[in-house]
Amino acid sequence: MDVREEDAITAECDGVTYYFCSIGCKDKFLTEQTCKLPRTSYDLIIIGGGPAGLTAAVYASTLKMDAFIITRDLGGQAVHSTKIENYLGFDFITGPELVEKFQYQLLHSQYIDHLMSDVEKIESLEDGFQVTTAELKTYTAKTVIVATGMTRRRLDIDGEERFQRKGLFYGNIQDLSFVQGEDVAVVGGGNSALQIVENLNVLARKIYLISDTTLVADPAVIDRVSQIGNVSRYEGYKVVELAGETTLSRITIREMAKAQTIPLSVKGLFIAIGLRPNSSLVAPLVAVNEQGEIMVGPDCSTSREGLFAAGDVTDAFGKRIIIASGEGAKAAMAARQFILAKRKIKKAGS
Ligand SMILES: Cc1cc2nc3c(=O)[nH]c(=O)nc-3n(C[C@H](O)[C@H](O)[C@H](O)COP(=O)(O)OP(=O)(O)OC[C@H]3O[C@@H](n4cnc5c(N)ncnc54)[C@H](O)[C@@H]3O)c2cc1C
């Protein structure tokens, strides 16, 4: 996990310095892993550290599984949520706060081996799977849980690359001061887009909300945004052009299936038009649906024996933190059952 070098507690192991965020974490590491790292073989490898992967990891730990989690970051999309109002146990919590609680639980109470890295390949072996990271390190496991979530969709129009972070942003950003008193536009009709509108409300002069369909966010969120006076809604419109010198200063929108366009002067454009599942890693191994989501059974099993998937990367109904977490828990329990069944068969055969 990410630990700042200056704040870290260190331990030497096989000539390598390891950094820990707490004494408990270091002690646990030294008791359980003393100088055995790097291990390369586990019963279970979990890929992805969003709500699904982290919950699978906590469950794997409580189920005393020999598990390892590899993830590019901690928290996944949940980190970008500024206002979570639908996670049980909290009336209101921000994404970063909730993820911090997940991390704390994983590091301090239910520790499992972990690696911050990108998985680039998963291959099927005779008795399990081989996982290759960006550093070309390989790890094997009897079973794998894929919890790689989703990535933001882009507009796919000219100038999108050029204006990135020069007025054009994907999702929410921390520092919105540059739009103080300015006109801005938000593209999208779901919860993410409307959360951005709510955040911009106190700062921006005027907010254009552009969506190619009618708004699809939760009714409570739509109601709140409808109360905001400085929002102009363009439902059934899309952005067709971006313009500006060094930074974005104008966009052009067009009503769907109509020729007439409308120019809008804006200082910022915030895009939240949905996400696509990160399933390309396993697409050659498992069945995916038309949207690219991994098709799973009620126990998170996929079409490939021993490979489980959980959360937003799957075709499970509902893309929400609580659902992804529940699916992660199910996947860990199912993976354990799979391993126990394999052991039983092996024992019976020997
Ligand atoms: C702006 C925003 C606001 C939201 N607000 C809410 C809300 O208020 N309430 C709510 O319930 N839901 C909300 N959601 C949805 C919620 O965040 C997701 O449903 C949830 O995070 C899905 O969890 P996940 O673990 O399946 O996937 P993700 O959160 O997408 O996590 C995937 C993880 O996999 C990792 N990963 C991906 N590919 C690789 C790879 N090749 N190698 C290693 N690691 C990899 C990623 O780094 C990440 O850690 C919001 C989403 C967004 C974007």
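The values are calculated or read from the model by the stated rules, or taken from the named source; none is laboratory data. The shown structure was predicted, so the numbers you read here are calculated from the model rather than taken from an experiment. For neighbour counting, all protein chains shown are included, and Cβ atoms are generated from backbone atoms with ideal geometry for every residue, glycine included.
Points to keep in mind about this one:
- Note on the range 77-95: residues that are near the ligand (Cβ under 7 Å from one of its atoms), in a loop (DSSP other than H, G, I, E, B) and over 12 Å from the mean Cα position of the chain (by Cα) amount to 4.
- Residue among 91, 118, 127 that is more than 18 Å from residue 55 (Cβ to Cβ) and in contact with a Lys or Arg (Cβ under 6 Å, 6 or more places away or on another chain): 118
- Some residue of the range 147-159 being among the polar types (S, T, N, Q), closer than 29 Å to residue 211 by Cβ and surrounded by fewer than 18 Cβ atoms within 10 Å (Cβ to Cβ): yes
- Being more than 20 Å from the chain's Cα centre (by Cα), touching a residue at least 40 places away in the same chain (Cβ under 8 Å) and surrounded by fewer than 23 Cβ atoms within 10 Å (Cβ to Cβ) holds for only one residue in 98, 63, 74, and it is 63.
- Within the range 312-322, considering residues that are hydrophobic (A, V, I, L, M, F, W, C) and within 7 Å of the ligand (Cβ to nearest atom), the one farthest from residue 96 (Cα to Cα): 313
- Selected residue (criterion: farthest from residue 307 (Cα to Cα)) from residues of the range 105-130 that are out of contact with any Leu (no Cβ under 8 Å at 6 or more places or on another chain) and of a type in the set (Ser, Thr, Tyr): 109
- Flag not set for residue 240, criterion: crowded, with 19+ Cβ neighbours inside 10 Å and either under 26 Å from residue 149 (Cβ atoms) or touching a strand residue (DSSP E or B) at 6+ places or on another chain (Cβ under 9 Å) (or both).
- Residue that is farthest from the ligand (Cβ to nearest atom), among those in the range 96-132 that are hydroxyl-bearing (Ser, Thr, Tyr) and at pLDDT 90 or above: 124
- None of 111, 87 is within 17 Å of residue 323 (Cα to Cα) and either touching a strand residue (DSSP E or B) at 6+ places or on another chain (Cβ under 6 Å) or in contact (Cβ under 8 Å) with a residue 40 or more places away in the chain (or both) except 87.
- Only one of 336, 250, 254 that is outside the structural domain of residue 182 (by TED's automatic domain parsing) and more than 16 Å from the ligand (Cβ to nearest atom): 336
- Of all residues in the range 224-264, exactly one satisfies the criterion of being acidic (Asp, Glu) and under 23 Å from residue 176 (Cβ atoms), namely 245.
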